[in-house]
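Single-structure report; data block below.
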Amino acid sequence: MTTETPMDKTTDTTKVSTAPATPIIPLPHTAARALTVAGSALALAGTFLAWTWTDEFPGKLTITGYPGGLQVLTLVGSVLTLLFALSGYGIRGLGWLTPGGKNSPVLLAALGVFGTTGYAMGAISYELGGLVNLEPGAWVSGIGALVAVIGALGLPVDQPYDAADPTPNLWGRIRHSLTAPEPGRAKDLPSWAEILIIAAGFGVGLYVFAYGIGTEYSELFIGFLIITGFGFTAVTRAGLLKRLSALTAKHRNVAMAAAFVAAICFPFTQTNDQFALIGANILIFATVALGLNVVVGLAGLLDLGYVAFLGVGAYAAALVSGSPQSSIGVEFPFWAAVLTGAAASLIFGVVIGAPTLRLRGDYLAIVTLGFGEIFRITMNNLNGNSGPDVTNGSNGIPNIPDLEIFGFNLGLPHNVLGTELTRSGNYYLLMLLCTAIVVLVFRRSAESRIGRAWVAIREDETAATAMGINGFRLKLLAFALGAALAGLAGTVQAHVSYSVTPEQYQFAGSVPPNSAFLLAAVILGGMGTISGPLIGAALLYLIPAKLQFMAEYQLLLFGVALMLLMRFRPEGLVADRRKQLEFHETGQLDVPEDKPLPEGATGVAKAGA
Amino acid sequence: MTTTTTAPTATTVLDASGVTMRFGGLTAVRDVNLTVNTGEIVGLIGPNGAGKTTFFNCLTGLYVPTEGKVAYKGTVLPPKPHLVTQAGIARTFQNIRLFANMTVLENVLVGRHTRTKEGLWSALLRLPGFKKAEEESRARAMELLEFTGLAAKADHLARNLPYGEQRKLEIARALASEPGLLLLDEPTAGMNPQETRAAEELIFAIRDQGIAVLVIEHDIRFIMNLCDRVAVLVQGEKIVEGPAEVVQADERVIAAYLGTPFEGEPGTAEAAEVEAAEADAQSTTEGDDK
């Protein structure tokens, strides 16, 4: 038997300490910060000058002394950069801005300004034909933004390099300089102040969202996307989002109410009916995505034909709406129509689910895809030629009358509190009520015995059944609940869009909601969360609607975006804790602190004695 | 230390008779009869591939046995896993099958599923019973976590627990369904001696709560300490059943594990030679060390 020799013993200990990080551009700290501040101030000043000479480029960029269009975005970005940079100076009263990272938010905000300004300059030169079309103001802002980025790259890096990779290459260093440590625990504020902060947070969110919907030309929308993308990341890195989400977690009901109120305010900020209609359509899309989240996110059933349930709800509502083309020709009051739509969807869900839910994984996905298409083709064929005349075939059911609830005609504009509420605004509010119901259903079912059973089935179906869960029954329940929620949204959709045709309910099409986009909204936003599908749906609806010039490449770009997302953030934009851990092996980092052991609770010793 | 002899009057908890499981031409389990009485810890041992886990799967409804029936406290069990659990048989898995991305507490709460009744409507409308039932479930789950020594980690994700604690959590989860019989599939696989010792204590504690235990294990010492009765499964057939000491000494068991001596077995002379050579080799290596 060999004993261990002393030579075998390894003497080198693994490196526990982490390598200190160096800035990308070696600059003295003070000089770097001064450059950043000066650069962003210059960019800020430039927005008050004219950027171009002609009104052919939209957005009133020709006026000196009054920023407009893309200039406003640069202005907002520079202010954000300035604030973050000044907070790094330790100026009293600004410290709260950067509880997490101190310098990476500055860099991100500076990059956002640079991106927006650079894009604006590029767009002006491209559309008007040459750099000569740029007025000095554009150069002032552009150079200012560049100086700010250079300065920000010289700022010290927020956290040391990973112990695993102490000497990253240039790309690794750039990526690293954009990371930041998590903020520590915030000190407790009086609860009214916390609630005020939540309200302010949602107010800002609403404003940004409404601004995005209200962008009138695609250049402005792209600039908006650039600046919000960078700005949002900067705010996240600064730790503000973490602080806000800690507050919302603490005052959950207040936060829900604040979000709801902010959403109610939206149609009052829109004077243009077209934008309110976008809002209503986003809500329809988002509500259905949230319903799909019950099926996919909680129970883990991949449903590729989900839009059929929306269709069933919409067709049911259209048939009982009193439309002259409806083959039934009855007119139900709204509440009855909603119940009819949801019930029809529910029955359809059970009928489809009962045979298909015996399958697992990919097989289920393919079968649901098939049923989704069967629904559309059936609706096409119930036209009196190839089948009984129920749905008018491909013509669909047009002329669906506007709803009238308690004598309030949703089709007419109304004057509420001195503001004109348009037809789409009315439907937006009605749809918001549906969304609220679906949010409530999702939240309550997720936090119950049933919700836990769904998650257990998603995690490991065999183990779940061995724990006494009737897998088939609960999956059917999830399927039926999801279907009913989609049917609910469908009843409103039928009225919003005036007509119901089979072509609205495809697997993949150019206009959401369709099954592919619904699933994408859930995955993009974050499976199993409430806010994820809402945000995902908003993005997936807004981006194609606003960027119509690239309609031909829409699906291509969509695919690229999904691939990038799966590469860099597979848990979705809004991650619940589980998913974050599942996809990033940060493992133990997220472990909550050990609670002190209760007196004498050494488990077995106590119980077994 | 705690081996209690079962009284002949003890009631039968589990009665498996003539269980046979065939996969096509392969008979994994052949005509196995096994009973477990209240307050008993029964061991099931056998070489790898003997059909122990298959037999477990037949008992818990994961497999539908080709022949034979399984009765729990006198009623024949339907071959549906969730109904078996509802009837009162809970199990753990050989390769740990926790709900990895749920917290420790949630895992145990899932185990409570069959013993609670709050349905979807109750959850959606928050009917009066809902809150009370949730609180009771939580209290019971925390009790079980304290029993298994995991209470301090209730909010951790199951996947973040060390291996030994994941095994404990599986047991806690199984206990949450308030079983009358607990089936443990290799509860100490991959554990160090201390952990094995702790697992032993835990199983005795479970038995003392009046839950019968049927345990598959490879660690013979563990089985000998723990079990009142041991059954040996070899190539799908039960060859011996009896008290631990009897089984340990049984020739057929030794043969199954170690094989039968072949003709021309090395005699004492050869054995001595080998020993001498080993001793020699050892002294040389020790010399090298210096």
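A few remarks follow.
- Residue within the range A:111-129 that is in a helix (DSSP H, G or I), touching a helix residue (DSSP H, G or I) at 6+ places or on another chain (Cβ under 7 Å), among the aromatic types (F, W, Y) and without any contact (Cβ under 8 Å) to a residue 40 or more places away in the chain present: yes
- Residues of the range B:44-69 classified as β-branched (V, I, T) and buried (at least 17 other Cβ atoms within 10 Å of the Cβ), total: 4
- Of all the criteria given as (1) closer than 20 Å to A:T391 by Cα; (2) in a helix (DSSP H, G or I), the one not satisfied by A:A354 is (1).
- Filter result (open to solvent by 10 Å² or more (accessible area, probe 1.4 Å) and in contact with a helix residue (DSSP H, G or I) (Cβ under 8 Å, 6 or more places away or on another chain)) within the range A:353-371: A:A354, A:R358, A:L359, A:R360, A:V367, A:L369, A:F371
- Residue list for the range B:83-135, filter: among the hydroxyl-bearing types (S, T, Y), under 28 Å from A:V438 (Cα atoms) and facing another protein chain (nearest Cβ under 7 Å): B:T114, B:T116
- Yes/no for A:S424 being away from chain B (no Cβ under 14 Å), open to solvent by less than 10 Å² (accessible area, probe 1.4 Å) and assigned to a helix (DSSP H, G or I): yes
- The set of residues from the range A:432-488 being assigned to a loop (DSSP other than H, G, I, E, B), more than 7 Å from every other protein chain (Cβ to nearest Cβ) and under 18 Å from B:A174 (Cβ atoms) is empty.
- Residue in the range A:309-321 that is open to solvent by 10 Å² or more (accessible area, probe 1.4 Å) and farther than 26 Å from A:N395 by Cβ present: no
- Restricting attention to the range A:259-305, the residues that are of a type in the set (S, T, N, Q) and over 23 Å from A:R443 (Cα atoms) add up to 5.
- Taken over the range A:428-471, residues that are open to solvent by less than 20 Å² (accessible area, probe 1.4 Å), of a type in the set (V, I, T) and within 30 Å of B:L182 (Cα to Cα) amount to 4.
- Here the range B:89-100 is the region considered, the condition is being in contact with a Leu (Cβ under 8 Å, 6 or more places away or on another chain) and crowded, with 21+ Cβ neighbours inside 10 Å, and the residue that is farthest from B:L161 (Cα to Cα) is B:I89.
- Criterion: at pLDDT 80 or above and either open to solvent by 60 Å² or more (accessible area, probe 1.4 Å) or assigned to a loop (DSSP other than H, G, I, E, B) (or both) - qualifying residue of A:A50, A:A19: A:A50
- A:V439 fulfils the conditions (1) closer than 30 Å to A:A249 by Cβ; (2) at pLDDT below 85; (3) among the β-branched types (V, I, T) except for a single criterion, (2).
- Test: residue in the range A:394-411 that is part of a helix (DSSP H, G or I) and either surrounded by 14 or more Cβ atoms within 10 Å (Cβ to Cβ) or away from every other protein chain (no Cβ under 14 Å) (or both): yes
- Residues satisfying the stated conditions in the range A:168-182, i.e. in contact (Cβ under 8 Å) with a residue 12 or more places away in the chain and more than 23 Å from the chain's Cα centre (by Cα): A:L170, A:R173, A:I174, A:H176, A:S177, A:P181
- Number of residues in the range A:74-106 that are aliphatic (A, V, I, L, M), open to solvent by 10 Å² or more (accessible area, probe 1.4 Å) and outside any loop (DSSP other than H, G, I, E, B): the value is 8.
The values are calculated or read from the model by the stated rules, or taken from the named source; none is laboratory data. All figures in this text were calculated on a predicted structure; none of them were measured in a lab. So basically every Cβ, Gly included, is an ideal-geometry build from the backbone, and we count neighbours across all protein chains shown. Protein only, heavy atoms only, side chains kept; ligands, DNA and RNA dropped before computing areas. Shrake-Rupley method; radii C 1.70, N 1.55, O 1.52, S 1.80 Å.
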